[in-house]
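Notes to accompany the following structure.
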Amino acid sequence: MRSPGTPIITVIVVLSGAVLGRVVRVPPSPLLRVEGTDVAISCNVSDYEGPREQNFEWRFSSGAGPAVNVLSTWDGSFTQDSYLERVRSGGVRLERIGNSEVLLHVQDLRASDGGNYTCITPSTDATYRGNYEDQVQIKVIADPLRVAAPRGWLSLCA
């Protein structure tokens, strides 16, 4: 019971679905992929200010050591040496889907491609609000399927 003269403190909690600025989204984690297959990871941004066409940067971290710069839509020198060959050959590339969405394509997945991919959108907003990056984990599993023919089987097919 409250004694006379004790102030009443009222706490009001408001839950709202309102977004308070930029929102960057990638697919929910983890993404499971078989070694040797391809993956396309989407990244989109909404509720932003500035130009209609937004820029994107992708970074990768295996969990051991610092993140590595993979690709950028606006900085041609962004890619670090460990990805240069795959980027030049088209094995790792970005595809712009629209003004506010890109796909990161990684072909012929290797076990070493397993880890965290972070999509970042450089700020074009007048004030810094919302989230400017999101992360997705890819788990690359070995392909256990092996095809073997019994001895002599190939000669029967000829």
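The values are calculated or read from the model by the stated rules, or taken from the named source; none is laboratory data. Note that this is a predicted model, so its numbers are computed, not measured. Every residue, glycine as well, gets a Cβ built from its backbone with ideal geometry; the counts of neighbours run over all protein chains shown. Calculation scope for accessible area: heavy atoms of the full protein, side chains included, ligands and nucleic acids excluded. Shrake-Rupley method; radii C 1.70, N 1.55, O 1.52, S 1.80 Å.
Observations, loosely collected:
- Cβ-derived FRET efficiency at R0 30 Å, Arg52 paired with Arg110, nearest 0.05: 0.25
- Cα-projected label distance for Arg129 with Ser62, points at 7 Å along beta-carbon direction, nm: 4.2
- Segment 38-158 - Kirkwood radius from inverse mean 1/r over Cα pairs (Å): 16.5
- Summed side-chain charge close to Leu71 - residues other than Leu71 whose Cβ falls under 11 Å, Lys, Arg +1, Asp, Glu -1: 0
- Solvent-accessible area per residue in segment 16-158 equals 60 Å², computed with a 1.4 angstrom probe and all protein chains kept.
- Residues Ala142 and Trp74, FRET efficiency given R0 of 30 Å [Cβ-Cβ distance, rounded to 0.05]: 0.25
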